[in-house]
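Data first, discussion second: the structure below is written as C-alpha cells.
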Amino acid sequence: GCQSCHTIPGVTRADATVGPPLNDWADRATIAGLYSNTPENLIGWIQNPQEMAPGSIMPDTGVPEPVARDMSAYLYTLRTNPLRAPWW
C-alpha cells in the first residue's frame, strides 16, 4: 500500500503525493527528520512509525520484519548516483 501515499520509482502507478516521494532515498540524511537514515532505523520506521513518531501521518503498516528488510533494501538502491557506495 506504499503507493497510496508515495511516489516510488520503478513501481507502476506509485505516483501519490500524500507522503514524500521516495526517489533518491539512499541520499537522505534522516528519516522523518528525526532519525539517522540507517537500515535499522528504516526497518523500524516501516514497521512502527507511530511508535517512533507518535502522530506522524505515516500509519503503522503491519509489515513483518522480513518484508520490511526487503523494502528497506530496495529503498537503498534509490540514489542519485547508483554507483556511489552508501554513506553508512
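Structure summary
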quantity: Accessible-area composition of segment 33-81, carbon plus sulfur, in percent [1.4 Å probe]; calculated: 57 percent
quantity: Accessible surface of L34 - all protein chains present, 1.4 Å probe, nearest 10 Å²; calculated: 110 Å²
quantity: With all protein chains modelled, accessible area of R28 [1.4 Å, Å²]; calculated: 60 Å²
quantity: Total formal charge among the other residues, if their Cβ is under 12 angstrom from that of I43, Lys/Arg +1 and Asp/Glu -1; calculated: -2
quantity: Extended-chain gain in nm, criterion 0.36 nm per residue less alpha-carbon gap, T77 and T17; calculated: 19.5 nm
quantity: Stretch gain in nm, segment T38-D70, where the contour uses 0.36 nm per residue and the Cα spacing is subtracted; calculated: 10.1 nm
quantity: Where the chain is the region considered: accessible area per residue in Å², 1.4 Å probe; calculated: 62 Å²
quantity: Orientation-averaged projected area, Cα convex hull of the chain (nm²); calculated: 5.5 nm²
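The values are calculated or read from the model by the stated rules, or taken from the named source; none is laboratory data. Here the structure is a predicted model, which means the values were calculated and not measured. Ideal geometry is used to build each Cβ from the backbone, glycine not excepted, and the neighbour counts take in all protein chains shown. For the accessible areas, the whole protein counts, side chains as well, though only heavy atoms, and no ligand, DNA or RNA atoms are used. Shrake-Rupley method; radii C 1.70, N 1.55, O 1.52, S 1.80 Å.
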